[in-house]
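Trainee: Have a look at the structure that comes next, please.
The values are calculated or read from the model by the stated rules, or taken from the named source; none is laboratory data. If you're wondering where the values come from, they're calculated on a predicted model, not measured in any experiment. Cβ: placed from backbone, ideal geometry, glycine included. Neighbour counts: every protein chain shown.
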Amino acid sequence: MSIDIFEDEDEVTFLAATNVDKPEHSAVDISTKAFWAKPSEEREQIFKVLRETDPVSWQRPVEDAVTPDPDDPGYWALTKHADIAQVSRDHETFISGQGVLFDMLPPIFLEMSQSFLAMDPPRHDKLRALVSAAFTPKQIKRIEDKVLVAAKETVDAIAAKGSVEFVSECAEVLPVRMFCELFGVPDHLRAQTAAAAADVVAWADPEILGERSADEVQVEACSILHEIAEEMIEARRANPTDDLFTSLMNAEVDGQRLDDFEIGAFFILMAVAGTDTTKHTTSLTVKAMTEFPEQRAWLMEDFEGRIGPAIDEFIRFASPVMTFRRTAVKETELGGRKILPGDKVVMFYPSANQDADVFEAPETFDLSRQVNPHMGFGGGGIHFCLGNQLAKSMLRAMFRELLTRIPDFAAGEPELLGTNFMRGVKRMPVTFTPETS
């Protein structure tokens, strides 16, 4: 399957933002490659300045766009928790159908890669209902049982070593395995599926790009995942199984089913959302527990009683998904700024998760935090993360194994992904006292 979707600009239609009534671009520039190359702690200090002085700032176009547009006027950057929550929940004023990344991507690319994440009602509601119909109580029970086994076997593989490259040997193993098992990805396609899913969100990283352009990386990765989905659809039609992929093919709401292309697009969405976010939250939490050892000790005093709210702090502190965009279709006001139809509005989740108006001592990793309305699953509204319970289940199972079997683990400095979308960890050394049999 070869899809060329970026050449014919005449086929690309979207609402175009204008420069009417726009201020000068903000002097606090968060669109540069240099900004996104900074450590997250340094970026947070800049977000803090914006929260306090210009919480809805007009920014120039981001440098790491998938498809740079010379006519792009820029975007509104939201850094306050309250503004991001408002936009997340007002899907009638701020739509997703024009895409969720910084730049305007061709509609066919949105269709093939972002599924209902880049849709609005009523189509969004139809597809989400169909997908939700596949997540039956039987499937959820099957998922929970498999997560426990997979987490144990993941730690089995590293516990006697004493030192590991944590991302490849542990953090990514569980979510990739769970995604592939739940969707029934055959063994010979699992490595290819994981690699392509990682490339979908890594288009701006020089190591991933190599000699390719950002759009080449995205199209190639999405095409690979669609080809895998096509192979699986053909196999399930010949031999249905009890996996989630077959359930998606059979899901029916009001007499309607997902077509093959919609199944492929949802497969891509879940391949990314179901693997990368959990992988990076796991890695960043291991690093946080290294830096805040008293929090690790507090959690282990009553793991089963404390792990529930602790997971919300894992997600808040890690903030693996850093940005999502909406497009205004009505004139409105945010933070004293006039937002016009066609304006791009970008939500900066790490900034919202560090907002001192909402979180006490937000810079502190505090597993006992009782009030924690973090933005880790999208800030509420119709696009709230469908897989949030599965993500929490994997984090619970993984840290139960890590903290009981190699409790003195210590993380070195993580090597982060160079992108403005995902706070991803490419590599991170971890050492610990080996488990003895």
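Listed here are the residues, each with its yes/no results for (1) over 19 Å from residue 271 (Cα atoms); (2) in contact with a strand residue (DSSP E or B) (Cβ under 7 Å, 6 or more places away or on another chain); (3) free of Cβ contacts under 8 Å to residues at least 12 places away in the same chain.
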residue	(1), (2), (3)
203	no, no, no
207	yes, no, no
213	yes, no, yes
219	no, no, no
227	no, no, no
240	yes, no, yes
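Trainee: Oh, and also: From 195, 133, which residue is part of a helix (DSSP H, G or I) and farther than 26 Å from residue 382 by Cβ?
Mentor: The match here is 195.
Trainee: Which residues, counting only those in the stretch 62-92, are over 24 Å from residue 354 (Cβ atoms) and buried (at least 19 other Cβ atoms within 10 Å of the Cβ)?
Mentor: Hits for the stretch 62-92 are 65, 66, 67.
Trainee: Also, I was wondering about something else. How do the pairs read when you match residues in the stretch 51-70 that are touching a residue at least 24 places away in the same chain (Cβ under 8 Å) and under 15 Å from residue 337 (Cα atoms) with residues anywhere that are surrounded by fewer than 20 Cβ atoms within 10 Å (Cβ to Cβ) and among the aliphatic types (A, V, I, L, M), using Cβ under 7 Å and keeping only pairs 6 or more apart or on different chains?
Mentor: 54/28; 57/28
Trainee: Follow-up question, since we're still on this one. Cβ-Cβ below 8 Å, separation at least six or inter-chain, first residue in the stretch 148-162 and charged (D, E, K, R), second not in a helix (DSSP H, G or I): which pairs?
Mentor: 161/434
Trainee: Tell me whether the stretch 289-305 contains one or more residues that are among the small types (Gly, Ala, Ser) and in contact (Cβ under 8 Å) with a residue 60 or more places away in the chain.
Mentor: There is no residue in the stretch 289-305 that is among the small types (Gly, Ala, Ser) and in contact (Cβ under 8 Å) with a residue 60 or more places away in the chain.
Trainee: Also: Any idea which of 211, 169, 165 is over 19 Å from residue 390 (Cβ atoms), over 24 Å from the mean Cα position of the chain (by Cα) and of a type outside the set (Gly, Ala, Ser)?
Mentor: After ruling out the rest, the residue left standing is 211.
Trainee: Let me ask you something else. If you check residue 115 against the conditions, is it closer than 19 Å to residue 246 by Cα, crowded, with 21+ Cβ neighbours inside 10 Å and within 21 Å of the chain's Cα centre (by Cα)?
Mentor: When the stated conditions are applied, residue 115 passes them.
Trainee: Does at least one position in the stretch 381-401 carry a residue that is at positive phi, at pLDDT below 95 and in contact with a helix residue (DSSP H, G or I) (Cβ under 7 Å, 6 or more places away or on another chain)?
Mentor: Scanning the stretch 381-401, I find at least one residue that is at positive phi, at pLDDT below 95 and in contact with a helix residue (DSSP H, G or I) (Cβ under 7 Å, 6 or more places away or on another chain), so the answer is yes.
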